[in-house]
Amino acid sequence: MNRRMKLIPNIITALRIVGAFGLLFFDVRSSAFWVLYLVCGASDMLDGFLARKLRCESKAGALLDSVADLAFVACCCVKLFPVPSFPSWLWIWAGAIVVVKVINQISALAMYRKCVFPHTLANKATGLLLFVAVPMALFLETPAPMAVAAAVATFAAVQEGHFIRTGREKN
């Protein structure tokens, strides 16, 4: 297989990071925001699929994917924080999930001297649910889809911590 072909998944992931920061320049109610949002979401599914298909999965690619996911979520939060249809209890819940994930990384640093981003089924489900729940919650003007995603994210964060602390997932 051509070496350049094996770079494609990581290039797509890097472009997702650029796209995530691009979201900051558009109004959350604009078509441009949602087109870029869809492109970022599609690239999240495409990069992993291509990495497996091209047999070029790597620790560096997995780390880059985690950084891209973090950038996408962080930029979306910045844009969505002022949206009034998201109640404060939802933001508090999201903050609690972030605290658990930070504690997980502190544990990983203490135990393995590196950050660990497990690509568990629960984390993948969280990503997919968040991707779908954000537009649903905005357009339906109800926090219910986000609450479902937050419930799954809570489970994923706790599971991630368990895997890190038991040594099951060291990346």
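Since every read-out is calculated from the coordinates, none of them should be taken as a lab result. These figures come from a predicted structure and were not determined experimentally. Methodologically, a virtual Cβ is constructed for each residue, glycine included, from the backbone with ideal geometry; neighbour enumeration extends over all protein chains shown.
Every condition in (1) surrounded by fewer than 18 Cβ atoms within 10 Å (Cβ to Cβ); (2) in contact with an Asp or Glu (Cβ under 6 Å, 6 or more places away or on another chain); (3) not basic (Lys, Arg) is met by Pro118 except one, and the failing one is (1). Criterion first (farther than 24 Å from Ala14 by Cα and buried (at least 18 other Cβ atoms within 10 Å of the Cβ)) does Ala108 satisfy it? For Ala108, the condition - farther than 24 Å from Ala14 by Cα and buried (at least 18 other Cβ atoms within 10 Å of the Cβ) - is met. May I ask you to verify whether Leu23 is of a type in the set (A, V, I, L, M, F, W, C), surrounded by 14 or more Cβ atoms within 10 Å (Cβ to Cβ) and under 18 Å from the mean Cα position of the chain (by Cα)? Against the criterion (of a type in the set (A, V, I, L, M, F, W, C), surrounded by 14 or more Cβ atoms within 10 Å (Cβ to Cβ) and under 18 Å from the mean Cα position of the chain (by Cα)), Leu23 qualifies.
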